[in-house]
Amino acid sequence: MEKISATFLFLNLVFLTAGPVFSQDDKPADYRLITDQLDRPSSVYVTPRAEIYVTERGAHRLLKFNAAGERMDAMGNQGLGDFQFDSPMDVDATNGLKIYVADYNNRRVQVYDNRFQYLSTIRQTEGARFSGDVKPSVITTNPISDLFIYDEDRHRILKYNSNGVFELVANLRKREIESVTDMSASQDHLFLLDKKQQVIQIYNHLVQFRRFIGGWTDLKTISVSHEQLVAVDGSELIHMNLRGSVQNRVNLGHKNVVSVSFYGRNLAVITEDSLYIYDFTFLEQFR
């Protein structure tokens, strides 16, 4: 990746201030509180059926809620078994049929169906140039079901195809990325949140650098769906197209946001102990 120039950074700052912005006097948007009893939640994911999955690091489990916010299922406790976790960090529920869980301290990614039936485990990169086990802190899938795993120990991205076959590894130590704290994918691109540098790095699906979006002050989390990108900067939700042009800004009313995910007009937000649901029509207009 080439060195980030001051001119390039300026252009990206323009992206963050351009375009129509819709907000009502900076008042917090309306939301529904689903639960305030989560135990160190780490990630949230909304499926096309508006089902919501949440990982809890404290309880070492995966929760499932329906579109009405009712808890439908729960799985897991601390351990090494197929239905156990040790500090699960991330969940990606794809189209709602296959569920990936980043089982952080067990150094594996667990794969389940939507009934929480165990399917498989991804644990190491056999045949990869950088072999060995992984410590998955962030995972994401693209619309054709490729899986991307961020290995925190070795600061690298691993890619698997929809059949679970390893395809490539990208060593991020050779790139100007200091950290990856969140990740999301569109049809053509992979978006990496570099919280230390306060930028969103954008790569293609071969993990080759394309561009970045800068100008943030307290970037916390990102999510991509239907060629739209949302990011949380402080307590503000920034809604953009995939080039980084701002479409909407909304005050979420929460400063301690941990993770967001959306599909259609449904946006799920988790904080340090709570799950909230927002209904934003402007998200649905871009589908």
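Points to keep in mind about this one:
- Residue 250 being under 17 Å from the mean Cα position of the chain (by Cα) and closer than 15 Å to residue 219 by Cα: no
- Complete set of residues in segment 200-245 that are buried (at least 20 other Cβ atoms within 10 Å of the Cβ), hydroxyl-bearing (Ser, Thr, Tyr) and either over 16 Å from the mean Cα position of the chain (by Cα) or within 15 Å of residue 177 (Cβ to Cβ) (or both): 203
- Conditions (1) surrounded by fewer than 16 Cβ atoms within 10 Å (Cβ to Cβ); (2) modelled with pLDDT of 95 or more; number of the one not met by residue 57: (1)
- Here the condition is being surrounded by fewer than 21 Cβ atoms within 10 Å (Cβ to Cβ), within 23 Å of residue 222 (Cα to Cα), touching a strand residue (DSSP E or B) at 6+ places or on another chain (Cβ under 6 Å) and not basic (Lys, Arg); of 121, 181, it holds for 181 alone.
- Positions within segment 99-135 being in a loop (DSSP other than H, G, I, E, B), at pLDDT 95 or above and touching a Ser or Thr at 6+ places or on another chain (Cβ under 9 Å), in sequence order: 104, 105, 106
- Looking only at residues in segment 32-54 that are charged (D, E, K, R) and under 20 Å from the mean Cα position of the chain (by Cα), the one that is surrounded by the most Cβ atoms within 10 Å (Cβ to Cβ) is 51.
- Taking segment 212-224 as the range and being part of a strand (DSSP E or B) and without any contact (Cβ under 8 Å) to a residue 60 or more places away in the chain as the test, the residues that pass are 219, 220, 221, 222, 223, 224.
The values are calculated or read from the model by the stated rules, or taken from the named source; none is laboratory data. Note that the coordinates shown come from a computational prediction; the quantities given were computed from them, not determined experimentally. Here the Cβ is made from the backbone with ideal geometry for all residues, glycine too, and neighbour counts use every protein chain on show.
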